[in-house]
Number of protein chains: 2
Amino acid sequence: MLLIADNLTATNKAVQKAVVEKNPEPIRELVKNCVAAGAKAIDINPGPLGRNPEESMTFLVDAVQGVTNLPVLIDTPNPRAIEAALRCCKHKTIINGFSLEPAKLEAVLPLAKEYNADIIGYLLRPDGHVPADADERLQIALSIYEALCKAGIDRERLIIDPIVVPIAWQNGNFQNREVLTFIRQLPDLLAFPVRTVVGLSNLTATEAPRGKKLLIEIAYLCMLAEAGLSMVLMNALHKESVKAARTCRSLLDSGIFVWEEI
Amino acid sequence: MLLIADNLTATNKAVQKAVVEKNPEPIRELVKNCVAAGAKAIDINPGPLGRNPEESMTFLVDAVQGVTNLPVLIDTPNPRAIEAALRCCKHKTIINGFSLEPAKLEAVLPLAKEYNADIIGYLLRPDGHVPADADERLQIALSIYEALCKAGIDRERLIIDPIVVPIAWQNGNFQNREVLTFIRQLPDLLAFPVRTVVGLSNLTATEAPRGKKLLIEIAYLCMLAEAGLSMVLMNALHKESVKAARTCRSLLDSGIFVWEEI
C-alpha cells in the first residue's frame, strides 16, 4: 500500500498564503516533511482557482518538483489547470481524476491520453452522487473502464477510487464496509490487477477530537490494507497512521521476517 | 467482537505465586483491573497442574467469582481440572477447549455435554499440528462440528478457534491471512452463525520490543474484526489494543453515529 500525501491542499492556510504570495518556500518545506515521513507521491490540491488557473497550478507543481522527483497527483476538476500541470510535470503524473459526469468524460479523460498520464476514476454516478452499495460500485467501475478503453487509454493507466464516505453519514458505516467488499471483488470483475486508491481523510471529515479521528483512521486503514488497497491518500504527518500502514505491509507481505523492519 | 482477558495465566509470575500461596487477593485485583478495562469474560489458564489439579483450579475459579459474574473460560487440557472448575462455576462457563486429538475427544468433549457448557474447538490436526491453509481449516471445522453433534451437544455451544500463529514462523503471514479467509468463509460452510475466537498474543509470541508488538497486535486485530471474529482472547490491559477493538466495533456497527461512543 503506497502512501500519497494529501497535505498539499488549499484547505491548509499556509499553502493558501504561499500560493497568493507566490512564495515556494513553505510548499517546499511541507513536501520535504511529507517525503521524510514516508510519502511516495504528492497530491496537489490547489482548491478553487481564480481567473488564471494555469498560473497557480504551475507554481505549485514547480515548487514540488524543486524538492522531489516523486510522482505528483493533479487534484483539481479544472481542465485548464490539469493541462498546465501536465505540461510542466517532469516526473510521473497522475490525474486526480475523472468520473462518469459528462463534463469530466469530455474535458478530463482525453488529457490522460494526450499526456500519457495515469488517471484516477471516481466511482460516482453520472450525476455526481455516491453509489448505493458494492454492486453499484462494480457496475460503475465497469463503465469507467469502458470509457477509458474507448478513449484509447491503456488499462494500466487506470486507478479506481471507490469513494470512502464520512462515517458521520447516516449510512457511513455500511458504505465503508461496501468499499472493502468492492476492493476485494474488483480484480475478478476486470480480470486484471487494477490499482485502487481512497482518500482516507474523508472518513472523519466532520468535527471530532483529533485522538478519536486518528483511532478511526488507523482501524479503517488496516481493514483497507487487508482488502488489498494499492494506494492511500492521507495526511503523511499523522505518524501513528503511517506506522500502522507500515505494520500492515509487514503483516501482509509474503516475505519472511519482514515484520522486523517496522 | 467480545473481549476476553488472557491476563489470568500461570505464565504471569504474580498469578503463579498467588496459586502456590493460595492467596486470592492478587487474582481478585488483576480480574478487577481487566473488568474495568473492558473485558467481558475471563480466561483462567492455571498452567501445569501438580498432583492435585482440582485444588488449584477450584481456587482460581473461586477467586475470580469473588469479584465478577462474568463468564469464565477454563483454559487447561487436564480433564480433572476442567471438571473441578465446571463443578464450582456459578456463572456461564466455556471449556477452552478441545480438538480432534483422540484424548481430547474422549475426555474433554463429553464434559461440555454433562455440564451444559460452551466449548472452544481448536482447528488442529488429530496429531496436534496446525493445518496448512484455509481449506484444511474448513475441513477440520467440519470434523469438529460433526464430533460435537455426535457427542449430543447443541451446535450453539460451539466456538471455533482457527489458530493464529506467531508471525515469526516461516509462513506466519500466510497462515494468519488464511485465518482471516477462514473466518469469512466459515458461516457459509456450517450454515449457521457459529462463533469464532482467536488468541491474539500468539501473534507476537517471540521476543520483540513492546511497541512493535502492540502495533502488530492492533493492525491484525482490526483485520480480524472486519473479517467477522466474534471474540478475541487478549491482554485486557493493553489500553491501545482495547481502544482499537472498540473503534472497530464503532466502524463495523450498522447503527448510526456509534463512532461517537469510542
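A few points about this structure:
- Region A:153-173 - residue that is assigned to a helix (DSSP H, G or I) and modelled with pLDDT under 95 and, of those, farthest from A:LEU123 (Cα to Cα): A:ASN173
- Test for B:PRO48: is it over 25 Å from B:ASP154 (Cβ atoms) and modelled with pLDDT under 95: yes
- Region B:1-22 residues that are under 20 Å from B:MET234 (Cβ atoms), paired with ones that are of a type in the set (Asp, Glu) and outside any helix (DSSP H, G or I) (beta carbon under 7 Å, 6 or more apart): B:ILE4/B:ASP43; B:ALA5/B:ASP43; B:ASP6/B:ASP43; B:LEU8/B:ASP43
- Qualifying residue in region B:79-93 (condition: of a type in the set (Val, Ile, Thr) and in a helix (DSSP H, G or I)): yes
- B:ALA191 vs. criteria at positive phi, among the aliphatic types (A, V, I, L, M) and surrounded by fewer than 16 Cβ atoms within 10 Å (Cβ to Cβ): yes
- Residue within region B:184-198 that is over 18 Å from the mean Cα position of the chain (by Cα), more than 26 Å from B:LEU3 (Cβ to Cβ), modelled with pLDDT of 95 or more and of a type outside the set (Asp, Glu) present: no
- B:SER250 within 14 Å of chain A (Cβ to nearest Cβ), at pLDDT below 95 and either closer than 28 Å to B:ALA36 by Cβ or not in a loop (DSSP other than H, G, I, E, B) (or both): yes
- Residue within region A:96-113 that is within 14 Å of another protein chain (Cβ to nearest Cβ) and buried (at least 19 other Cβ atoms within 10 Å of the Cβ) present: no
- Every condition in (1) within 10 Å of another protein chain (Cβ to nearest Cβ); (2) of a type in the set (Val, Ile, Thr); (3) on the phi > 0 side of the Ramachandran plot holds for B:ILE163 except the one numbered (1).
- Residue within region B:168-175 that is buried (at least 20 other Cβ atoms within 10 Å of the Cβ), under 19 Å from the mean Cα position of the chain (by Cα) and within 14 Å of chain A (Cβ to nearest Cβ) present: yes
- Some residue of region A:125-141 being assigned to a helix (DSSP H, G or I), touching a residue at least 40 places away in the same chain (Cβ under 8 Å), basic (Lys, Arg) and surrounded by 19 or more Cβ atoms within 10 Å (Cβ to Cβ): yes
- Residue-level analysis places B:ILE27 among those that are farther than 24 Å from B:ALA112 by Cβ and either part of a helix (DSSP H, G or I) or among the charged types (D, E, K, R) (or both).
- Residue within region A:222-231 that is of a type outside the set (Asp, Glu) and touching a Gly at 6+ places or on another chain (Cβ under 7 Å) present: no
- Identity of the residue in region A:220-247, without any contact (Cβ under 8 Å) to a residue 60 or more places away in the chain and polar (S, T, N, Q), that ends up nearest to the other protein chains (Cβ to nearest Cβ): A:THR247
The values are calculated or read from the model by the stated rules, or taken from the named source; none is laboratory data. This is a predicted model, so every value here is computed, not measured. No Cβ is skipped: glycine too gets one built from the backbone with ideal geometry, and neighbour counts run over all protein chains shown.
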